[in-house]
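Read the structure below first, then the notes.
Every number in this text was worked out from the coordinates using simple rules, so none of it is lab data. Predicted model, so just to flag it, every value in this text is computed and none were measured. Counting neighbours? That spans all protein chains shown, and the Cβs are built from the backbone with ideal geometry, glycine included.
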Amino acid sequence: MRFVRDNGLSIFFLAIFLVSLSGQAIAGHGAFNHDQLLHHGDPISLGRYLTTSEFAADVAENWQSEYLQFTLYIFGTVWLLQRGSPESKPLDKAGLESDEDQKVGEHADARSPRWARSGGMRTALYSNSLLIVMTTIWLASWLAQSIAGASGYNANQLDHQAATVSWLHYLGSSDFWDRTLQNWQSEFLAVGSMAILSVYLRQRGSPESKPVGAPHDATGLEG
Amino acid sequence: VRASVLMRALFVTYLILIVAGLAYFVTIGLLHH
């Protein structure tokens, strides 16, 4: 199957995403019912658990942090460099680069996408389309986390005969920021360490690594 | 040609999955509000 070989990355990650999400649903359901029993509540079915705001907020908070990570990485690597890292551009290429380098407008070739060739607004939009879409998904999933998180928080408040809060009030709550920052910190550490570890360490055959024999200070080389 | 159609289908599948997921989470949050 040539299609499977040619698209192995997207297909493999789609498959393990679906398996992991199913696993999260089953494990989350178990944990939710355990908590219900501790609070003298009734256990609920898996189907019903999938419609709880706890499940929605748990998934959304991880989505938003992953999309933030890639959004920052795409944007940051336009301007920020790391000497010796295959994740960085060569040290003299910081910034948006020339139209010639980027093959836009009159520098586009016959196989360039139409919107790279057309110039004007369309080319400007297409030139930033990856960042625009990733930022949109990040903000939308952060919004989803906040809405589902607020409703889960209020359900918990009601369980303990405490006052509920508005969505805006929830945005300033420690629950919202605890859920948000615990995800962000791990993404930022992973990205920063990847940038510097890949200066000195190698994985033969991976485009995330430099070639095994490349010198430590060679920047922007992929394996 | 068929391979490029399938590749675009994979691209669209990811986008639909993400948009559907986000819509689902927002709807759940709003319904429980």
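Figures for the structure shown
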{"quantity": "Among A:Gly205, A:Val4, B:Gly21 the positive-end extreme of the charge dipole of the protein assembly as shown (Cβ point charges)", "calculated": "A:Val4"}
{"quantity": "For the range B:24-33, Karplus couplings with θ = phi - 60° (6.51, -1.76, 1.60), whole Hz, Gly/Pro x", "calculated": "4, 5, 5, 4, 4, x, 5, 5, 7, 5"}
{"quantity": "Extent along principal axes [Cα atoms of the range A:128-212; Å; largest to smallest]", "calculated": "61, 30, 18"}
{"quantity": "Label point distance in nm, A:His216-A:Thr164, each placed 7 Å from Cα along Cα→Cβ", "calculated": "5.9"}
{"quantity": "For the range A:97-165: relative contact order, % (alpha-carbon pairs under 8 angstrom, 6 or more apart)", "calculated": "15"}
{"quantity": "Geometric extent, Cα atoms of the range A:10-120 - Rg, Dmax (angstrom)", "calculated": "23.1, 70"}
{"quantity": "Charge context of A:Phe12, other residues only, Cβ under 15 angstrom, K/R +1, D/E -1", "calculated": "0"}
{"quantity": "Filtered GluC sites (Glu not before Pro), the range A:76-141: DSSP coil and at most 13 other beta carbons within 10 Å", "calculated": "A:Glu97"}
{"quantity": "Helix A:53-79 axis, angle to chain A major axis (alpha carbon atoms, nearest 10°)", "calculated": "20"}
{"quantity": "Ellipticity estimate at 222 nm from DSSP helix runs (n ≥ 4, -39,500 (n - 2.57)) divided over chain A, nearest 500", "calculated": "-21500 deg cm²/dmol"}
{"quantity": "Over the range A:1-142, relative contact order from alpha-carbon pairs under 8 Å, at least 6 apart, %", "calculated": "20"}
{"quantity": "FRET efficiency for A:Leu50 and A:Ser118, using Cβ-Cβ distance with R0 set to 51 Å, rounded to 0.05", "calculated": "0.70"}
{"quantity": "Net lengthening on full extension, A:Asp175/A:Phe188 (0.36 nm per residue, minus Cα-Cα)", "calculated": "2.7 nm"}
{"quantity": "Net dipole in debye of the range A:147-223 [+1 Lys, Arg Cβ; -1 Asp, Glu Cβ; about Cα centre; nearest 20]", "calculated": "260"}
{"quantity": "Charge sum, other residues only, whose C-beta stays under 11 Å from A:Pro86's C-beta, Lys/Arg counted +1 and Asp/Glu -1", "calculated": "0"}
{"quantity": "Angle between chain A longest axis and helix A:129-159 axis [Cα atoms, degrees, rounded to 10]", "calculated": "10"}
{"quantity": "Hull shadow area, averaged, the range A:68-223 [alpha-carbon convex hull, nm²]", "calculated": "12.9"}
{"quantity": "Normalised per residue, the volume of the convex hull around the Cα set of the range A:1-55 (Å³)", "calculated": "81"}
